[in-house]
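Only one structure is covered here, and it is reproduced in the block below.
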Amino acid sequence: MPVVLHQFTVAVGGVMNPGYLEALELARQCATHAHTQALPGAGIAHGSCWAALATVPNPGAGFPLGNAVAGGAALPYGVVFGNSRFSIVGAFAVVPGAPAVGFSGHAERNALVVAGGNGLVPYGLVAPNAGDWVMYVQLHPCVHCLPWLQGVGGGGLLNPFAGLIAGAQNLHVWYRWAHNPLGCAAKDTWNGLPLATKLAQINTW
């Protein structure tokens, strides 16, 4: 299962790239969720990195369809969040699907670990990219997370979907900022903007 990276940029866009619309909605979901979760002060602040994975809903187990941020229409998938500070948050609040050994400091890893820990599977896109998976993370995956996402290393907690790598699906990972000092600073500044401003900017990605 190759990991295919896509960057949201105003100049490049990406409307024709697989998972674009889903990733755009996942970015909105992250911004909205962060607005409610970063305020209480349980370890999540503007310096945190957010990620979200589209999953097959399981309403019977308490994981329903998601709802679009704009308008509230039901989405065909659920949304599982990950944050780089879950290892801190876990000491203050119960995170469903949390591994016994604790979380890592990587948002994209934690999103996949939470999904797997709750028995959820990634949502498959429809044709022409049928079966492909999609997730959003604010920063380009680091040099350790890329092999981890591909199931071939990276250390730390096991990728719960590593066994499916030999399948035909692709994992489309959409991100906004480069994983370097400038990108991290831009992400931190952006996280501190009002929610309405962030949602308006996401619509231009």
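The values are calculated or read from the model by the stated rules, or taken from the named source; none is laboratory data. Note that the coordinates shown come from a computational prediction; the quantities given were computed from them, not determined experimentally. Please note: Cβ atoms are built from the backbone with ideal geometry, for glycine as well, and neighbour counts cover all protein chains shown.
Of the residues T197, T204, the single one that is more than 28 Å from G60 (Cβ to Cβ), touching a residue at least 24 places away in the same chain (Cβ under 8 Å) and among the β-branched types (V, I, T) is T204.
For every residue, the table says whether it meets (1) under 17 Å from the mean Cα position of the chain (by Cα); (2) modelled with pLDDT of 90 or more; (3) assigned to a strand (DSSP E or B); (4) among the hydrophobic types (A, V, I, L, M, F, W, C).
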| site | (1), (2), (3), (4) |
| --- | --- |
| G124 | yes, yes, no, no |
| V137 | yes, yes, yes, yes |
| G153 | no, no, no, no |
| P160 | yes, no, no, no |
| A166 | no, no, no, yes |
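The condition of being in contact with a Phe, Trp or Tyr (Cβ under 9 Å, 6 or more places away or on another chain), over 21 Å from N58 (Cα atoms) and of a type in the set (G, A, S) holds for G151. Would you check which residues across the range 74-97 are modelled with pLDDT of 75 or more and more than 14 Å from A51 (Cβ to Cβ) and list them? Scanning the range 74-97 gives A74, L75, P76, Y77, G78. The set of residues from the range 133-159 being of a type in the set (F, W, Y) and out of contact with any strand residue (DSSP E or B) (no Cβ under 7 Å at 6 or more places or on another chain) comprises just one member, W148. Conditions first: (1) small (G, A, S); (2) farther than 27 Å from G183 by Cα; (3) within 14 Å of the chain's Cα centre (by Cα). A111 passes all but one, so which condition is the exception? Against the list (1) small (G, A, S); (2) farther than 27 Å from G183 by Cα; (3) within 14 Å of the chain's Cα centre (by Cα), A111 comes up short only on (2).
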